[in-house]
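I have placed the structure first, in the form of structure tokens, so that the comments after it can refer back to it.
The values are calculated or read from the model by the stated rules, or taken from the named source; none is laboratory data. Source: prediction; values computed, not measured. Positions of Cβ are generated from backbone atoms using ideal geometry, with glycine treated the same way; all protein chains shown enter the neighbour counts. Accessible surface is based on the protein model in full, side chains and every heavy atom, while ligands, DNA and RNA are left aside. Shrake-Rupley method; radii C 1.70, N 1.55, O 1.52, S 1.80 Å.
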Amino acid sequence: MMARAIIVGFLLLIYCINNISASVIRNISTDKSALLAFKAQITNDPNEILSKNWTQQGTTVCSWIGVSRSTKHQRVVALNLKSLRLGGSVPKEIGNLSFLSFLEIGNNTFIGEIPNEVGFLKKLKYLSLQMNNLTGQIPQSLGFLPRLELLDLSENDLFGNVPLSIFNVSSLKLIDLGFNDLTGTLPNDMCSNLPLLQSLFMAHNHLVGELPSGLDKCTQLKYLSLSYNRFTGNLPRDMWNMSKLEDMFLGWNNLSVAEYGSKGLVSTMGDVYSCGILLMETFTRKKPTDDLFVEELTLKRWVFEAFPDNVVDIGDANLFSREDEQFSSKETCFKLLMELALHCTAELPQDRISMKHVLLNKIQTQFLQSATTTQNGN
């Protein structure tokens, strides 16, 4: 009997091992198929990164560029293809990467809509599709990602309303939907289920209506940017209760702020400060929350330390080329813009220049933008 029990146990062990192995092979095969479907939608790969490295024969998924696999489950957990100059569309098969926790394809030229199937990625914590040419509406399914901490869809061509479902993802720490064509209003209870949110960026859209009341329920909020929209009305009084707030940018809306300025909440000098930070963001392509800025190094300090001798080194690389016949004039204009930005962001409000002077300097901004457009069009 003892020998028979040992044999039965041994056979059961072999059966389990074989089934586990088959399951692992089947699951990683699912991941591989999803990635090959992603590759099939790539129409531009100038460095031949995916075309040569992501091959069906002779390589394993874990050796593919941009792909990371967990040792425990042998599944794909991260896909990082940022700044590889890739073009194409995002296939629905992306939703089959069921163990994916990190998805970064920012700073490429992806087009088309964000597939609803991204909402199938229940383990996803980090989703960055920023700086592409994505269109369409933001899928409601992104609000069904229970572990999502970072959502960055900025600098695309997305339109329509902001999905209400996003404001129910209680794990979110950063939401960046800036520089799109989003419309509609923001709900008053948008912060009711966002206890961990630290950064909210929705600048440069077409949002309307009054600012939502209840923003103070985002108790951890440090950075709030709603500039360059079409908000109207007064600032909600509960914004006084936002004790963790470090930077708030509300400029270039149709807000009535005079009655609050005397009480210390915001003033026209705050709009000037916002303008200065936006100038820095626009022409350096950096954000105050970028990984570069840690401890006491802020975006403003970074610009200050580079000014004036090394200021060109911090500019957007697409703006400057020493072979460009307009380099000298662009350099001069960029220095003037960064000087203006530093004047706008002086520590003491009384030391900042007036909004009148900011407007007088807009022509310099327009010149540089025009020169950039001309360069990119050639």
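Within the range 237-252, the residues that satisfy the criterion of being within 22 Å of the chain's Cα centre (by Cα) and either at negative phi or of a type in the set (Asp, Glu) (or both) are Lys244, Leu245, Glu246, Asp247, Met248, Phe249, Leu250, Gly251. When Leu148 is tested against the conditions (1) under 22 Å from Leu97 (Cβ atoms); (2) part of a loop (DSSP other than H, G, I, E, B); (3) open to solvent by 10 Å² or more (accessible area, probe 1.4 Å), the lone failure is (3).
Selection of first residues in the range 150-165 that are of a type in the set (Ser, Thr, Tyr) and of second residues that are outside any strand (DSSP E or B) and buried (at least 23 other Cβ atoms within 10 Å of the Cβ), restricted to Cβ pairs under 6 Å at least 6 apart or on distinct chains, gives the following pairs, ordered by first then second residue: Ser154/Gln130; Ser154/Gly178. Residues in the range 306-343 that are part of a loop (DSSP other than H, G, I, E, B) and within 22 Å of Tyr273 (Cβ to Cβ): Phe307, Pro308, Gly315, Asp316. Residues in the range 237-254 that are of a type in the set (D, E, K, R), surrounded by 14 or more Cβ atoms within 10 Å (Cβ to Cβ) and not in a strand (DSSP E or B): Asp238 only.
Taken together, the residues in the range 59-94 that are under 30 Å from Asp157 (Cα atoms) and among the polar types (S, T, N, Q) amount to 4. Against the conditions (1) assigned to a loop (DSSP other than H, G, I, E, B); (2) at pLDDT 95 or above, Gly58 satisfies every one except (2).
If you check every pair at least six apart or on different chains, which have Cβ atoms under 7 Å apart with a residue in the range 45-56 that is open to solvent by 60 Å² or more (accessible area, probe 1.4 Å) first and a residue that is of a type in the set (A, V, I, L, M, F, W, C) second? Within 7 Å, the pairs are Asn47/Leu84; Gln56/Leu36.
Give the residues of the range 61-97 that are assigned to a loop (DSSP other than H, G, I, E, B) and open to solvent by 50 Å² or more (accessible area, probe 1.4 Å), sorted by residue number.
Ile65, Thr71, Lys72, His73, Gln74, Lys82, Ser83, Arg85
Pairs linking a residue in the range 203-221 that is touching a residue at least 40 places away in the same chain (Cβ under 8 Å) to a residue that is open to solvent by 50 Å² or more (accessible area, probe 1.4 Å) and of a type in the set (Phe, Trp, Tyr), with Cβ atoms under 9 Å and 6 or more positions apart or on different chains, are Ala203/Phe179; Ala203/Tyr228; Ala203/Trp252.
Is one or more of the residues making up the range 107-116 in contact with a helix residue (DSSP H, G or I) (Cβ under 7 Å, 6 or more places away or on another chain) and not in a loop (DSSP other than H, G, I, E, B)? Checking the range 107-116: at least one residue is in contact with a helix residue (DSSP H, G or I) (Cβ under 7 Å, 6 or more places away or on another chain) and not in a loop (DSSP other than H, G, I, E, B). Quick one: would you say Ile314 is crowded, with 16+ Cβ neighbours inside 10 Å, among the aliphatic types (A, V, I, L, M) and at pLDDT below 80? Considered against the rule, which asks whether it is crowded, with 16+ Cβ neighbours inside 10 Å, among the aliphatic types (A, V, I, L, M) and at pLDDT below 80, Ile314 comes out as no.
Residues checked against (1) of a type in the set (Val, Ile, Thr); (2) open to solvent by less than 20 Å² (accessible area, probe 1.4 Å); (3) more than 18 Å from the chain's Cα centre (by Cα):
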position	(1), (2), (3)
Phe167	no, yes, no
Ser192	no, no, yes
Pro195	no, no, yes
Gln198	no, no, no
Leu215	no, yes, yes
Leu235	no, yes, yes
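Filtered by the rule that a residue be more than 16 Å from the chain's Cα centre (by Cα) and over 24 Å from Leu197 (Cα atoms), the range 110-141 gives Ile111, Gly112, Glu113, Pro115, Glu117, Gly136.
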